[in-house]
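Below is one structure; the comments refer to it alone.
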Amino acid sequence: ALYYKFIISEILFYSKNKIINLCKLPFYCYLLFKKVISDTFLNLFGFGGISSLGNLDSKDIDHKFLQWFVGFTDAEGTFLIKTKNKSEVNFSYQITLHIDDSAVLYLIKEKLGIGVVSIKGNTCTFAVHSFQLIVDVLLPIFDKYPLITHKQLDYRDWRIAVSLKKNSAAPNRKTISVAPETFNQIVQIKESINSNRTNFYGYNICYSMISKYWLLGFVEGDGSFHFTNNRAIFSITQKDRQVLEAISIFLQNIPRAPIFNGLFLGPQPNCIITGKNNNTAYQLTISDTDVLFQYIFPFFKDLPFLSRKGVDFKIWSVGLFLIIHGYSKIPTGKAILLKLANNMNSKRYFSNMIDILDTAEISALFEIEPPFNIFSKKSHFALAKKYAIAQGSRKGYNIHIYKDGEEIPGSPFNSYRQGGQAIGLDSVSSIKNYIDTGRVFKDVYTFYSSPINKFNHFENFNKK
């Protein structure tokens, strides 16, 4: 059996109080993980940080970055029209993010060579207000690299309005007066785009329009790498179901590229699309662990993340590696997975920080022989089922719930749901995430699959 050893070679933390050269570092912090598991796995997490595309020639930088930029715009960008005095028209393009994500906006400003970045409260905005720069720089980009979501319709109409203004007077003035007829035409366009849009005629999309760099930019805006119920999840949330259907076809055609030979031959990516918020939005989800490990992880691993979503992806990758090898089935692994989850997505913002990753804990965990033998040619589901049976589980675990160190009335419970109902929880996900970790839920409850004394014996057995 392989001896698994995990090495974390470098962790760079960031601070609000430090001035960082954003031209050289396109994010406030990144976590650089290196793992050594076998000779074929030496640099798996040695991504070299979030790429600045520095290894590409200038033509590739333009081509690949601009595809990324259009994908990011499809997720986060807005085309705006402002009118006043019944004759003046101003146009702008903008992206607004949380202030902790401002570095990617400075990167966009640097790459495009236009625009300004402003900060207000806990948000930051990249904006282009210059009419001349909109005409000379932005229009050629979006004409050459078309938007794919419904935003293509907003751009189409916004572009028509820009042309109306351009043809009405000299375009180099920041604010100009236009003829009443032109003004009325532009007002009609303004009132029919963005959140006011009801006409979707002329919307064109097929999966062949999607490139991997567009998809990366789109995922950095609307995608999520996260954990739910001790499972790794990749998802994209969007109002436009057709886009998710096209992305689903694209992902079903990406190559299988496992980092190890001799693994279970997993199925092609199966993307589930479900409605959210009364079908006002839709979510594409991939949760099959084998698919994530053999398709999704290798695909994104080789792409140059430009935002702090790259930090999420790296942490998620460590968690996926932990899950595929079964470490999430033992208490210490569950606790570390919970810590990883508490350092991702919205929880990585300064205002939401909960846990600091303990690299010694992670290193110690990967010194343990993995609970699952991924070279057994069995699926992750089969290995998990085999492990559960070996641990004496049939239809799940008994749930022992403790409050301030004392078992609550009715404990143990026969299911997660019964336990959740006893303490007023509508969802069982918190129990699944916290069980056997020793972590205190809401500063009150702890959850175990065995009585505390027996659990402690089991924990000590696993450490031997």
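For the stretch 225-373, rounded, prolate or oblate, judged on the Cα gyration tensor with a ≥ b ≥ c (square roots of eigenvalues), a/c < 1.5 rounded, else prolate if a/b > b/c? Show your work: numbers first, answer last.
On the way: a/c = 1.91, a/b = 1.26, b/c = 1.51.
Oblate, because a/c is 1.5 or more while a/b does not exceed b/c.
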- Using the Cα gyration tensor of the stretch 97-202, with a ≥ b ≥ c the square roots of its eigenvalues, what is the shape: rounded (a/c below 1.5), prolate (a/b larger than b/c) or oblate (neither)? prolate
- Using the Cα atoms of the stretch 210-313 to build a convex hull, what is its mean projected area in square nanometres? 6.8
- Dipole size in debye (nearest 20) for the stretch 209-365 around its Cα centre, Lys and Arg Cβ +1, Asp and Glu Cβ -1? 140
- Once phi for every residue in the stretch 213-223 is put through the Karplus expression 6.51 cos²θ - 1.76 cosθ + 1.60 (θ = phi - 60°), the whole-Hz ³J(HN,Hα) values, with Gly and Pro written as x, are 6, 4, 4, 4, x, 5, 5, 5, x, 10, x
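Add +1 for every Lys or Arg and -1 for every Asp or Glu among the other residues with Cβ under 14 Å from the Cβ of residue 152, and state the total.
Working: positive: 144, 151, 156, 159, 197, 239; negative: 74, 143, 154, 157, 240.
Once positives and negatives cancel, what remains is +1.
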- Item | Karplus-derived 3J(HN,Hα), 6.51/-1.76/1.60, for each residue of the stretch 132-137, Hz, glycine and proline x | 4, 6, 4, 5, 7, 10
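Taking the Cα centre of the stretch 69-224 as origin and charging only Cβ (+1 Lys, Arg; -1 Asp, Glu), how large is the dipole, in debye to the nearest 20?
520
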- Note on the structure: By the C-alpha gyration tensor axes a ≥ b ≥ c (rounded if a/c is under 1.5, else prolate when a/b exceeds b/c, else oblate), the shape of the stretch 253-319 is oblate
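Highest first, please rank the peptides 89-100, 117-128 by the mean number of other Cβ atoms sitting within 10 Å of their residues.
Values: 89-100: 19.1, 117-128: 15.1.
Sorting 89-100, 117-128 by mean packing, highest first, produces 89-100, 117-128.
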- In the structure shown, of 151/442; 64/432; 64/339; 111/314; 82/144, the pairs separated by more than 32 angstrom at the C-alpha atoms are 151/442; 64/432; 64/339
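Counting only C-alpha contacts under 8 Å and six or more residues apart, can you give the relative contact order of the stretch 209-365 as a whole percent? Walk me through the numbers on the way to the answer.
Numbers: 199 pairs, mean separation 36.1, N = 157.
Worked out over the stretch 209-365, it gives 23 percent.
Read-outs: derived from the displayed coordinates by stated rules, not from any lab. Since this is a predicted model, take the numbers as computed values, not measurements. Neighbour counts are summed over all protein chains in view; Cβ atoms, including those assigned to glycine, are modelled from backbone coordinates with ideal geometry.
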